[in-house]
Amino acid sequence: MPRTNDRRLAIAWLALSAITLISLALMPPHAHAALPNATLTISVILVSLLKVRIVLREFMEVRHTPRWLAGFTDLWVVVTGVALTAAYFGGIAM
Amino acid sequence: MSTATMAAEPAPSHVPGQSGMWFFILFEAFLFTSYFTVYMVCRGRDLEAYLASQVHLDIQVGVVNTLVLLVSSWSMARCVQSARGGDLSHALKQAALTAAFGVGFLVLKVGEWAVEIHRGFTFTLNDFSMFYYFLTGMHFLHLLIGFVFLGVVMTQLKRPTSRTQVLVETGATYWHMVDFLWIMIFALLYVIR
């Protein structure tokens, strides 16, 4: 395998793993129930969707696919982000 | 390095694997988005109860599971690129690694469920526990199906045919879906407040 391809995949994996571990470090210890935190929640959702997009574009090779397919995957990312954010605040407002 | 290994990058506008798998992936992704959305609405309506129940989950186990699936996705991607480059032996090793990591996730998940159930965190305990077992259970089913695809991938790599690359990419596409769905499930069940 050409070194550039292998290196690119390795970088993607390292970034994904680092983001996952950093998230853990930022979590408050919760032997007891945590307090609600909208900023943290929305940030986690957005960061998770960023991770998904890295998986899509690097591991699933969406960056090489036709524009219609890349567009659909990006559409899913956007729709999911909007839906989860709206659902979070909508549920609280109910 | 042989010329064959220089072909690891796909051609521009290449659809990895069978197009039908991509339509399935997108359908499943939007379906899970609907599950996630319902969960978030219900969570918002009873936030304190959901947060109180969330303490039953061990975020460290969730992180380990996430890391395991991420590395399995990495090895699967390397499998695809090696196969495309003509190095089927290396591709097969990467596919075997992917399967091993998948088994690792499976064992951790079943163990986690066993501990949680033993401690009284059962499906019927409350709404959060219902969502937890539903989402992780649905994901688990998809993981099991993923092993079938891995089996096809490894068989193709051992006895290559004219369809080997297409089938390897198709199987890999499905496996990556299992990974990215877990990324979202982990965030929504274990991490968000």
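The values are calculated or read from the model by the stated rules, or taken from the named source; none is laboratory data. Predicted, not measured: the structure shown is a model, and the values here were computed from it. As a convention, Cβ positions derive from the backbone with ideal geometry for all residues, glycine included, and neighbour counts pool all protein chains shown. Protein only, heavy atoms only, side chains kept; ligands, DNA and RNA dropped before computing areas. Shrake-Rupley method; radii C 1.70, N 1.55, O 1.52, S 1.80 Å.
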Out of the residues in segment B:129-173 that are of a type in the set (V, I, T) and open to solvent by 40 Å² or more (accessible area, probe 1.4 Å), which is nearest to B:L189 (Cα to Cα)? B:I145
I'm told A:A33 meets every condition in (1) in contact with a helix residue (DSSP H, G or I) (Cβ under 7 Å, 6 or more places away or on another chain); (2) in a helix (DSSP H, G or I); (3) among the aliphatic types (A, V, I, L, M) except one. Can you identify the failing condition by its number? (2)
Given segment B:9-128, what helices (runs of 4 or more DSSP H) lie entirely inside it while holding 1 or more residues that are hydrophobic (A, V, I, L, M, F, W, C), within 7 Å of another protein chain (Cβ to nearest Cβ) and at negative phi? B:19-45, B:47-54, B:59-84
Return yes or no: is A:T65 modelled with pLDDT under 95 and facing chain B (nearest Cβ under 7 Å)? yes
I'd like to verify a number: residues in segment A:7-31 that are modelled with pLDDT of 90 or more and open to solvent by less than 30 Å² (accessible area, probe 1.4 Å), how many? 6
Within the bounds of segment B:71-78, is there any residue that is under 22 Å from B:F180 (Cβ atoms) and of a type in the set (F, W, Y)? yes
Could you list, in sequence order, the residues of segment A:37-94 that are surrounded by 16 or more Cβ atoms within 10 Å (Cβ to Cβ) and in a loop (DSSP other than H, G, I, E, B)? A:M60, A:E61, A:T65
